[in-house]
Amino acid sequence: MRIVTKISIAAIFFFSTLETMAGTNDQEIKALYHTLDSLIGCQNSLISKKQAKIKTIHDGVKGMKLTSEQELALNNRLYDEYMAFNFDSAYHYIKKNLEIQQSLNDANLKASSLIRMAHIVAVSGMFEKAGEILGGIIPSQLKPEMKVEYYNQKAELFLYRSEMAQYSPYFKEYIDSTQYYRQLILQIAPKESFEYITNQASYISERGNDDQAISIFENYLPSIQQGDRRYSIVTSTLAYFHSRKQQSDMQEKYLLLSAISDLRGTILENNSFRELSAILMERGDYSKAYSYLSQASNDAQLYGSRLRSVQAARLAPLITKAYDEERAHTQHLTNILLFIISLIALLLIGSVIYTLSLMRKRRLANEKISRMNAELSLHNEEIRVMNEQMKEANRIKDEYIGRFLELCSNLIHRGEERLRKMNRLARERKLEELYAELKSNAPINGGIRMFHQNFDTAFLNIYPNFVSEVNKMMTEGNGFDVGGDANKLTTELRVLALIRLGIQDNQKIADILRSSITTIYTYRSKLKSRALNKDTFEDDIRRIATY
């Protein structure tokens with residue numbers, strides 16, 4: 001009786017597996033998977049075309065002298081091309097616009113760039129910085145269309161925060177904040193605009209009316225094309241609405257459409273591949289789940305999004321666990337079949353072959369688990385390195401902000417004192433003393449000494465072992481001895497300190513140290529000549545740690 005029961009269990013498992021496979025063979029879904037896999041194979045070609053398009057934009061203005069307005073427009077166009085394609089480049093061009101706008105007195109123009117900067121920073125996972133940037137905008141000074149962009153970015157920031165805070169006490173708080181800004185958008189945005197439609201549908205869905213939200217998006221979807229980032233957003237959101245209704249087939253369909261649109265538009269800042277991998281993992285298609293998770297992780301790395309990398313890294317252990325469960329289940333079936341084989345001699349050959357097949361699957365599963373563990377370790381190491389870099393950047397920022405705020409305050413105070421002195425001399429008509437005071441370089445020299453003192457102290461607080469580390473790189477007898485003042489650097493050491501801080505240009509170093517470019521060039525050449533490894537000397541300097 002017990003043997004019959006075990007045979008029945010095996011049969012039930014076998015037929016349920018067949019039924020699951022049949023359920024996933026829907027023709028439309030199969031066709032979408034085929035399209036998606038074909039596009040994955042062509043991704044390098046699509047990226048090359050995107051890069052060629054951007055190069056054409058660059059080349060189109062080469063040699064031309066642009067006005068500030070033209071340069072702003074060009075940088076905005078390049079930002080739009082890079083926004084979902086490459087974080088570093090998008091950040092570079094919007095930062096250039098903010099630098100240009102320092103000389104322009106246009107609150108709405110500056111707000112537009114700050115909002116774009118906040119978006120790109122939020123996508124990278126730096127939520128606090130994005131909030132800081134948006135905090136510098138005063139909504140009451142903005143035009144209605146700019147207010148829509150501002151509120152939309154605030155809603156997006158809280159939505160990203162909610163993604164990272166799932167299953168935490170803060171999740172509802174972030175969703176409520178998102179809903180608040182969606183309400184503000186619905187009050188002022190044109191009803192036919194993308195911002196109004198997307199926020200309206202999301203707001204309605206969050207309030208429990210998923211059917212109406214789905215209807216809004218399905219009516220809007222034919223007006224946009226695949227490859228457009230808006231298409232990717234709408235289809236991805238439709239997948240979310242269907243998941244709330246537990247309509248897994250429709251969720252999978254719209255995730256596939258979103259992923260296809262991401263590939264056609266070379267949108268590397270995407271979410272659909274990761275969601276698809278989760279669905280495939282639940283279904284038991286671990287190989288495809290791992291493939292799509294790898295695609296999501298690779299896209300996040302190419303784009304430079306820490307947010308998407310962390311989300312992909314969170315899912316990786318779940319797939320590993322699924323492999324373990326599959327292996328344990330396979331082992332259990334193997335034991336049952338071995339028991340049956342010992343009793344049914346006629347099925348011996350077939351059972352042995354089946355057992356060998358299961359053992360082979362088990363070995364392949366172990367190999368895949370090993371590869372996935374190696375991949376997970378690599379991601380964890382990348383995250384650790386990124387966290388260390390962020391810690392170091394924060395430490396440098398805190399040290400220098402405090403030091404140079406104090407320096408600026410002292411210089412302003414000295415300037416005020418000198419101005420009062422010169423006003424007094426002018427009032428008393430002591431022209432000779434006034435001329436002597438104007439001619440004197442003592443205040444400038446004092447300011448330079450104060451700057452050097454603050455710079456030296458701040459730098460050595462951050463890099464306390466800097467001088468000793470530099471001495472290790474020098475040939476015998478060519479090290480530095482700062483004497484009794486441990487908080488003071490020589491001019492040569494200041495040149496190396498600026499190189500460590502990432503300043504490479506001789507002209508910039510000369511400007512900071514108030515020296516000629518020839519002097520700086522001479523210092524760098526002499527320092528290299530005294531180094532143990534001349535070819536890598538400056539690279540070695542840049543690798544000196546803060547502790």
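The values are calculated or read from the model by the stated rules, or taken from the named source; none is laboratory data. Being a predicted model, the structure only gives us computed values, none of them experimental. Heads up, the Cβs are rebuilt from the backbone with ideal geometry, glycines too, and the neighbour counts pull from every protein chain shown. All accessible areas refer to the heavy atoms of the entire protein, side chains included, with ligands and DNA or RNA removed. Shrake-Rupley method; radii C 1.70, N 1.55, O 1.52, S 1.80 Å.
Under 5 Å between amide hydrogens, built in the peptide plane, is the criterion, and for Met474 it picks out Leu532 among residues at least 5 positions away or on other chains. Largest to smallest in accessible area, the residues Glu538, Glu195, Glu132 fall in the order Glu132, Glu195, Glu538 (1.4 Å probe, all protein chains included).
Using 29 Å as the Cα-Cα cut-off, could you pick out the over-long pairs in Lys154/Lys245; Lys143/Lys508; Lys110/Lys439; Lys62/Lys534; Lys245/Lys361; Lys110/Lys172? From the list (Lys154/Lys245; Lys143/Lys508; Lys110/Lys439; Lys62/Lys534; Lys245/Lys361; Lys110/Lys172), the Cα-Cα distance tops 29 Å for Lys143/Lys508; Lys110/Lys439; Lys62/Lys534; Lys245/Lys361; Lys110/Lys172.
With a ≥ b ≥ c taken as the square roots of the eigenvalues of the C-alpha gyration tensor of segment 138-220, please select rounded if a/c is under 1.5 and otherwise prolate if a/b is larger than b/c or oblate if it is not? Note, shape of segment 138-220 comes out oblate. Extension gain, Gln51 to Thr355, is 104.3 nm, computed as 0.36 nm per intervening residue step minus the present C-alpha separation.
Were the residues from Asp539 through Arg77 laid out at 0.36 nm apart, the gain over their Cα-Cα distance would be 162.8 nm.
Peptides 264-275, 100-111 ranked from most to least packed, by the mean per-residue count of other Cβ atoms within 10 Å: 264-275, 100-111.
Per residue, segment 137-181 exposes an accessible area of 57 Å² to a 1.4 Å probe, with every protein chain left in place.
Taken per residue, the accessible surface of segment 450-525 reaches 49 Å², heavy atoms only and a 1.4 Å probe. The separation of segment 477-547 from segment 59-119, counted between C-alpha centres, amounts to 34 Å. Checking the a/c ratio against 1.5 first, then a/b against b/c, what shape does the Cα gyration tensor give for segment 469-547? Note, shape of segment 469-547 comes out rounded. Each residue, Leu109 and Asp511, gets one label point 7 Å from its Cα in the Cβ direction; the gap between the two is 2.2 nm.
When peptides 362-372, 156-166, 285-295 are sorted by average Cβ neighbour count within 10 Å, with the highest value leading, the order is 285-295, 156-166, 362-372. Leu46 contributes about 40 Å² of solvent-accessible surface, heavy atoms of the protein only, 1.4 Å probe. Computed in the context of the full set of protein chains, the accessible area of segment 66-166 at 1.4 Å probe radius has 48% of its extent on carbon or sulfur. Please state the shape class of segment 175-315: rounded when a/c is under 1.5, otherwise prolate if a/b exceeds b/c and oblate if not, all from the C-alpha gyration tensor. Prolate, since a/c reaches 1.5 and a/b exceeds b/c. The figure for Thr518 is an accessible area of roughly 90 square angstrom, using a 1.4 Å probe on the protein chains alone.
Computed over protein heavy atoms with a 1.4 angstrom probe, the accessible surface ordering of Ser342, Ser236, Ser113, largest first, is Ser342, Ser236, Ser113. Met359 contributes about 80 Å² of solvent-accessible surface, heavy atoms of the protein only, 1.4 Å probe.
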